[in-house]
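The values are calculated or read from the model by the stated rules, or taken from the named source; none is laboratory data. Here the structure is a predicted model, which means the values were calculated and not measured. Reconstructed Cβ throughout: ideal geometry from the backbone, glycine too, with neighbour counts over all protein chains shown.
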């Protein structure tokens, strides 16, 4: 019997106690003790259920809808989160925030929404799909991108309206498209005729492939394709600071996992990844 009970205590994953918060450990340790001394096998099932109920479920898949500009940073955060939560897999849907908001409101299953603006997060919240209060987790800034060598000698936002320029911008409903329009207005420049991309990565792709002479994107979008692009800075007086909120969703299939992922993004390791990618603190 003693050996059997010892085996039961070992059924409680040791990694869980190492990774939970101090408050959760205070709850977990008595549960582990009960598992080691209680009746078998009923207590075993109860103990495992008690542990997993407050955390991302073992073997669960967490679905995160995130703005396209978060692609590289969130993929890193996702791998780090999986390493800290064995058995949990993080899947991402990256797109323009307006597209993601519409999908969530229309019932697409997701656990977490990370938007590149407050407006699209508000749409989801107003539809009753957000659990709790959205939390700001990062900021970003705009930059003009041009092909290597800057063949059209672009030096400012106003240059994008010159005759003969082929320009790529995100659609007005997409946060970076809206921010770009604000920047042109601050600069006293006309918003140029441009392709209207579904998200910021579409703008990056057009310019990096030489299909456009210039575009306006986030600073953080440049690093992955820096060998193909050059940047033209936008002065502070003309620039726009983008605010990024994150929230757990009310219909989240994995509510516990959603809470833990949001907490991880806001934690020091998560913020470190975002800072390394060029995001500004919340």
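One residue alone among 64, 90 is out of contact with any helix residue (DSSP H, G or I) (no Cβ under 6 Å at 6 or more places or on another chain), in a strand (DSSP E or B) and at pLDDT 95 or above, and that residue is 64. The lone criterion from (1) in contact (Cβ under 8 Å) with a residue 40 or more places away in the chain; (2) closer than 18 Å to residue 199 by Cβ; (3) touching a helix residue (DSSP H, G or I) at 6+ places or on another chain (Cβ under 6 Å) left unmet by residue 101 is number (1). The requirement of being without any contact (Cβ under 8 Å) to a residue 40 or more places away in the chain, part of a helix (DSSP H, G or I), in contact with a strand residue (DSSP E or B) (Cβ under 9 Å, 6 or more places away or on another chain) and under 19 Å from residue 121 (Cβ atoms) is satisfied by residue 177. Residue 182 satisfies every condition listed in (1) assigned to a helix (DSSP H, G or I); (2) touching a residue at least 40 places away in the same chain (Cβ under 8 Å); (3) more than 26 Å from residue 118 (Cβ to Cβ) except (3). If you filter the stretch 188-213 down to residues that are assigned to a strand (DSSP E or B) and within 26 Å of the chain's Cα centre (by Cα), you find that the one that is surrounded by the most Cβ atoms within 10 Å (Cβ to Cβ) is 197. Screening residue 109 against (1) free of Cβ contacts under 8 Å to residues at least 40 places away in the same chain; (2) closer than 20 Å to residue 252 by Cα leaves a single unmet condition, (1).
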